[in-house]
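Chemist: The structure's right below; bear with me while I get my questions together.
The values are calculated or read from the model by the stated rules, or taken from the named source; none is laboratory data. Every value quoted in this text rests on a predicted model; they were computed, and no experiment measured them. Here Cβ is always computed from backbone atoms with ideal geometry, including for glycine, and neighbour counts include all displayed protein chains. Ligands, DNA and RNA are stripped out before the accessible areas are found, and what is left, the full protein with its side chains, is counted by its heavy atoms. Shrake-Rupley method; radii C 1.70, N 1.55, O 1.52, S 1.80 Å.
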Amino acid sequence: MPSRVFLKDELANGEFGLRQLSKRISAKQICLNFKDVNSLSEAEIQALFYHVQADWDYSDFDDVFDTESFGNEKIEKEISSAISKHIAEGAVSTSSSESKSVPPSKSDKLSQGKITVQRDKISKVMIGLILMGLVSGTFIFKFLFFSNGNRFSQPTLVIGAVNSRENYILLQKHLQKELIPSNFWHYLLGRKIEVNLDAGTNGREMPYPQAITSFKDQSWDVGFAYSPVVGMAAVDSGYTTVAVMFPDSSAYQSSIFVRQDSPIQSFDDINENHTIALGDFFSASKFYMPVYELYGKRLRVVSNTPTSRIFDLVRNSEVEIGVGVIEDVQSARDLRVIRQSRNIPGAGVYLSPKLSLEDSISLQSALLGASDKIRSRQNSNYGVGDEPDFQQFRDIIQRVREVTACSDFNQNPVNFFCNNQTQVLSIKGRINGVERSGNDNYLFRVFEYNSNVCRLQVSSELLTEVQSHDTPFDFQGYYVNASVGVREGTSCEQDSIIEIFQPNQIELTRKSRFRGLGG
């Protein structure tokens, strides 16, 4: 392996020393480091390149020059220009040697020979000028494109999305084309930014907890949240909003619906003899908003149901009531809306806090510069718009957590309220101890900021719904925000085991967003 040599130390030896250094460069014995070298004179550059072979190309120079060590654009331009000039002169030299290899005709007369020599000289000069023009012209073009391009310092970029990866193939190709290495030397060598996709597969959405975890772990460079629930996690994890999804609509509504011929005429007719199909515990339109509307009701529940299955259950009269986005229900003639929710905010496109300011600017420029086809609803579905306001929706989510803290969705009928014998216990603290409790349950010892210690029991299956992890012991040191329904008078001080029944009852984060917890 070539030894590393610092050019700054060699400059003290003058031009003679640089010519000796050039011999070692020519033999590829060293890797030259340009740290703390701000500029070189023309004579120093000539000495540095004195013994370098004429047939070298860019890859040869990449072996001996540490391009990562350039301290500023000036020295980078000087060396890059010198390399391009050296390669151009090498091309001229090769062309000249090839011309000399053709022997003159023995029958040529002396005068014709002189004319031929003159023509050869002119040809060599012309070829040299053309080659140098092509190389220098290409260099100038590349430099101008580099100067005005979307430069990106990371070798890879991760696009994260809740909906299916098929929607982002065109965007992936666009970013691979538009983003260029911020290192000019790497750009000249043709290196590309590797753009990877982490999204739903086979036409299915990624589970919301998995997407939320990706935002919390800051493993996505740019994330397409799709849902306001996921968008809130992005904002809470320090991501910056650069665009909005569903740009044609700033909000949407959920609905509670029945069959067109159902005897249920209004929302007030719902009672405990009816059954409702609810969606994913983290869905804005199929859980949070409908449950918010159901406060005070008591009825049977089929929970955690896929969207298409909800519609089928209602149409086949397997349940009387369903929930879904109001536009989908209104477009179906055999269904009837009996309750419309208040507005639900949209979701955004978010950039990671790990990105440098320069990379964020380049990525935003590349994203907003994509074609209408790439940004269309059939593809990545984003555009310019106002940043979603989640404040009211946050209040609704917190209210739903409190209401469902007293609900057990495993036992029908379900109460969407807390009775006189129960109270809602709000637990906010840090996990300092995880232990197995039975075959499939785990106990979290949660230290609250008021010095209380709570013991929360959570099943392994429920934890999988809450957040992606390898084992429950991974949550050691995490922060907890939980709302739990308990018997009146129960508290953490009594050393009781408090059980979590629904995944929406508990939130786990690496860093605290709660007053007094730090992190």
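Chemist: Spot the failing condition for HIS274; the list is (1) open to solvent by 20 Å² or more (accessible area, probe 1.4 Å); (2) touching a strand residue (DSSP E or B) at 6+ places or on another chain (Cβ under 7 Å); (3) within 15 Å of VAL229 (Cα to Cα), and only one is missed.
Modeler: HIS274 satisfies all of (1) open to solvent by 20 Å² or more (accessible area, probe 1.4 Å); (2) touching a strand residue (DSSP E or B) at 6+ places or on another chain (Cβ under 7 Å); (3) within 15 Å of VAL229 (Cα to Cα) except (3).
Chemist: Out of the range 442-454, which residues are open to solvent by 20 Å² or more (accessible area, probe 1.4 Å), over 14 Å from PHE475 (Cβ atoms) and part of a strand (DSSP E or B)?
Modeler: Those that are open to solvent by 20 Å² or more (accessible area, probe 1.4 Å), over 14 Å from PHE475 (Cβ atoms) and part of a strand (DSSP E or B): GLU448, VAL453.
Chemist: Can you name the residue in the range 468-492 that is closer than 19 Å to GLN421 by Cα and open to solvent by 70 Å² or more (accessible area, probe 1.4 Å) and is also farthest from the chain's Cα centre (by Cα) among such residues?
Modeler: Ranking the qualifying residues of the range 468-492, first place goes to GLU488.
Chemist: Does SER352 meet the test of being closer than 23 Å to TYR168 by Cβ, of a type in the set (Gly, Ala, Ser) and touching a Ser or Thr at 6+ places or on another chain (Cβ under 9 Å)?
Modeler: yes
Chemist: Within the range 390-413, identify whether any single residue is in a loop (DSSP other than H, G, I, E, B) and closer than 30 Å to ILE193 by Cα, and answer yes or no.
Modeler: Within the range 390-413 (the criterion being in a loop (DSSP other than H, G, I, E, B) and closer than 30 Å to ILE193 by Cα), the answer is no, since none of the residues qualifies.
Chemist: Check SER365, SER356 and return the single one that is of a type outside the set (A, V, I, L, M, F, W, C), open to solvent by less than 50 Å² (accessible area, probe 1.4 Å) and modelled with pLDDT of 90 or more.
Modeler: Just one listed residue meets the conditions, SER356.
Chemist: Follow-up. Determine which single condition THR490 fails, assuming it passes every other condition in (1) β-branched (Val, Ile, Thr); (2) assigned to a loop (DSSP other than H, G, I, E, B); (3) free of Cβ contacts under 8 Å to residues at least 60 places away in the same chain.
Modeler: THR490 satisfies all of (1) β-branched (Val, Ile, Thr); (2) assigned to a loop (DSSP other than H, G, I, E, B); (3) free of Cβ contacts under 8 Å to residues at least 60 places away in the same chain except (3).
Chemist: Does LEU313 count as in a loop (DSSP other than H, G, I, E, B), surrounded by 18 or more Cβ atoms within 10 Å (Cβ to Cβ), of a type in the set (A, V, I, L, M) and touching a residue at least 24 places away in the same chain (Cβ under 8 Å)?
Modeler: When the stated conditions are applied, LEU313 does not pass them.
Chemist: Anything in the range 375-389 that is assigned to a loop (DSSP other than H, G, I, E, B), crowded, with 17+ Cβ neighbours inside 10 Å and of a type in the set (Ser, Thr, Tyr)? List them, or say none.
Modeler: SER380
Chemist: What are the residues in the range 342-353 that are assigned to a loop (DSSP other than H, G, I, E, B) and either within 30 Å of ASN271 (Cβ to Cβ) or open to solvent by less than 20 Å² (accessible area, probe 1.4 Å) (or both), if any?
Modeler: Matches in the range 342-353: ARG342, ASN343, GLY346, ALA347, SER352.
Chemist: Moving on to the next point. Which residue pairs have Cβ atoms closer than 6 Å, lie 6 or more positions apart in sequence or on different chains, and pair a first residue in the range 324-341 that is open to solvent by less than 30 Å² (accessible area, probe 1.4 Å) with a second residue that is assigned to a loop (DSSP other than H, G, I, E, B)?
Modeler: If the second residue must be assigned to a loop (DSSP other than H, G, I, E, B), the pairs left are ILE326/GLN253; ILE338/SER266; SER341/GLN253.
Chemist: Quickly run through the range 1-20 and pick out the residues that are part of a helix (DSSP H, G or I) and either modelled with pLDDT of 90 or more or within 43 Å of the chain's Cα centre (by Cα) (or both).
Modeler: Scanning the range 1-20 gives LEU7, LYS8, ASP9.
Chemist: Here is a list: GLY223, GLY203, GLY231. Which entry is open to solvent by 10 Å² or more (accessible area, probe 1.4 Å) and of a type outside the set (A, V, I, L, M, F, W, C)?
Modeler: Only one candidate qualifies: GLY203.
Chemist: Filter the range 163-189 down to residues that are surrounded by fewer than 19 Cβ atoms within 10 Å (Cβ to Cβ) and of a type in the set (A, V, I, L, M) and give me whichever is modelled with the lowest pLDDT.
Modeler: Among those residues, the one meeting the criterion is LEU189.
Chemist: Can you name the residue in the range 293-310 that is open to solvent by 10 Å² or more (accessible area, probe 1.4 Å) and in a helix (DSSP H, G or I) and, of all such residues, is farthest from TYR208 (Cα to Cα)?
Modeler: GLU293
Chemist: Of the conditions (1) outside any helix (DSSP H, G or I); (2) modelled with pLDDT under 85; (3) under 17 Å from PHE184 (Cα atoms), ASP55 satisfies every one except a single condition; which number is it?
Modeler: (3)
Chemist: Another question about this same structure. Among the candidates SER262, SER285, SER249, single out the residue that is out of contact with any helix residue (DSSP H, G or I) (no Cβ under 7 Å at 6 or more places or on another chain) and open to solvent by 40 Å² or more (accessible area, probe 1.4 Å).
Modeler: SER249
Chemist: While we're here: Could you run through the range 1-54 and say how many residues are surrounded by 13 or more Cβ atoms within 10 Å (Cβ to Cβ) and of a type in the set (Gly, Ala, Ser)?
Modeler: Total satisfying the criteria: 5.
Chemist: Out of everything in the range 409-437 that is open to solvent by less than 50 Å² (accessible area, probe 1.4 Å) and hydroxyl-bearing (Ser, Thr, Tyr), what residue ends up being nearest to ARG455 (Cα to Cα)?
Modeler: Out of the qualifying residues, it is SER437.
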